[in-house]
Amino acid sequence: MTGLGFWPYFDLLQRRDAAGALQYALGLVDGGADPVDVLLDVVAPAQEQVGLRWAEGAWTVAHEHAATATSESVAIAVGARIPVPAPPTGHVILACAEREWHGLPARLVGYSLQAAGWRTTFLGASTSPLQFARFLDDVDADAVAISCSVAASLPAARRLIGAAREAGLPVLVGGGAFGPDDTRARALGASGWAGNARTAATVLTGLVAAASDLTWAVDRARHAGADEHAEMVIRFAEFRAAARRHWLDAPGDPSDEAGLAGDAVDHALHSLSAALLTDDPRLLREADDWLTALFAARGEPATRVPSLWRSVHRTVGEPLPEAARHLKAL
């Protein structure tokens, strides 16, 4: 721990004081704090609080977006205080999976890598796999780093991983959607996984040093669940409509007064789809925990989340036996 506090910075975000937030962060750097510490110990945890405020219903989506935009600007300004390495250790391309709009975590990893001696190119949020592949053909890179915060983006992350592998580059992945270890990373064919921004440089250096060993390039997503994931992608709209209907029509279940039904059903189905693709049932438990906390914060009855999972099981359980097996274990 660096001893840097994030609450004063978060208070400025809460008051929508973008200029004050920038001044506060740069003031810490001017006062001798390491820019990476400011990014990881001030900006990052403050953003976690921003997400919590939205989940609790205390902030609107617009309020959350405004705070995130401020932190993006602050990160760029603080990151500009990190020297560009000359010569660099190597060149790494950073991208977020398609439909992954949380670009800030990847940006912070990029600055951490830059401080460790890497040249970095950040492609931003929601990167198209096709455009990503074309970009890799046009640049001289040593590695790729992919960020994924939400389970719904894991299939798209797999496509980015495949594009990097086709280019012959080692792939480092990280972010909340990949979980607490390298299980999902390996299942999707990545070279390695980093649990946080501070360990990313060490892991990446090792991957590049071992890049001649192509055993990591074996596609591990070869199991029954991967086939069912493909069917879920094709039939997603059908499953979504049916699960929502079963859920809202369940006896004793209240109507969708909080307006959460669509998002909750999407989250449950995307998490199930990702669990099938990676063969990691922990994704469902993580989704259950998140939904339970979200509904509790919004004052919804505790019975609504189990009712949602029963509705999902009713919808997909017969056509998808692996999905039914995962849901029964929840």
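The values are calculated or read from the model by the stated rules, or taken from the named source; none is laboratory data. If you're wondering where the values come from, they're calculated on a predicted model, not measured in any experiment. So basically every Cβ, Gly included, is an ideal-geometry build from the backbone, and we count neighbours across all protein chains shown. All accessible areas refer to the heavy atoms of the entire protein, side chains included, with ligands and DNA or RNA removed. Shrake-Rupley method; radii C 1.70, N 1.55, O 1.52, S 1.80 Å.
Each residue was assigned an accessible area with a 1.4 Å probe, and for ARG15 the value is about 140 Å². Can you list the DSSP H helices in the chain whose Cα atoms extend at least 20 Å along the helix axis and whose mean Kyte-Doolittle hydropathy is 0.0 or higher? Long hydrophobic helices here: 61-79, 261-278, 282-297. About its Cα centre, the dipole of the chain is roughly 220 debye, where the only charges are +1 on Lys and Arg Cβ and -1 on Asp and Glu Cβ. Surface composition of the chain: carbon and sulfur make up 54 percent of the accessible area, probe 1.4 Å.
Close amide-amide hydrogen proximity is noted between GLU100 and SER126, THR127, each under 5 Å apart and 5 or more residues distant or on a separate chain (H modeled in the peptide plane; Pro and chain starts excluded). With every protein chain in place and a 1.4 angstrom probe, the accessible-area ranking of GLU48, GLU228, GLU286, GLU64, largest first, reads GLU48, GLU286, GLU64, GLU228. Across the stretch 124-241, Cα pairs under 8 Å and at least six residues apart give a relative contact order of 21 percent.
Amide hydrogen proximity for ALA145: with H placed 1.01 Å from N in the peptide plane, the residues at 5 or more positions away or on another chain lying under 5 Å are ILE93, LEU94, ALA95, LEU172. Residue farthest toward the positive end of the dipole of the chain, with Cβ of Lys/Arg at +1 and Asp/Glu at -1: which of TRP290, ALA55, HIS246? So the residue furthest toward the plus end is HIS246.
Selection among SER153, ALA18, ALA200 by position relative to the dipole of the chain gives SER153 as farthest towards the positive end (Cβ unit charges, Cα centre). Where (1) 0.99; (2) 1.03; (3) 1.25 are the candidate values, the label of the one calculated here for Rg/Rh (Cα atoms, Kirkwood Rh) is (1). Structure remark: mean-square fluctuation, Gaussian network model of the chain, C-alpha springs under 10 Å; the largest value among VAL150, VAL42, VAL61 belongs to VAL61.
Within 15 Å, Cβ to Cβ, of TYR111, how many net charges do the neighbouring residues add up to if Lys/Arg are +1 and Asp/Glu are -1? Before the final figure, lay out the partial values.
Numbers: positive: ARG81, ARG107, ARG119, ARG198; negative: ASP34, ASP37, ASP41, GLU72.
The answer is 0.
With +1 on each Lys and Arg Cβ and -1 on each Asp and Glu Cβ, and nothing else charged, work out how big the dipole of the stretch 274-330 is about its Cα centre, in Debye to the nearest 20.
Using only the charged Cβ atoms, the result is roughly 220 debye.
Here the Gaussian network model covers the chain, with springs between Cα atoms less than 10 Å apart; of LEU12, LEU269, LEU188, LEU12 fluctuates the most. Each Lys and Arg contributes +1 and each Asp and Glu -1, all at the Cβ; summed about the Cα centre of the stretch 27-160, the dipole is approximately 280 debye. Applying 1/(1 + (r/R0)^6) with R0 = 35 Å to the Cβ-Cβ distance of ARG325 and ALA211, what FRET efficiency is obtained, to the nearest 0.05? For ARG325 and ALA211, the calculated efficiency is 0.40. Averaged over its residues, the chain has an accessible area of 45 Å² per residue, based on protein heavy atoms and a 1.4 Å probe. All alpha carbon pair distances within the stretch 48-134 were sorted into 10 Å bins beginning at 0; the resulting P(r) in whole percents reads 16, 39, 32, 12, 1.
Within the listed set GLY317, GLY110, GLY175, the Gaussian network model of the chain (springs between alpha-carbon atoms below 10 Å) gives the highest mean-square fluctuation for GLY317.
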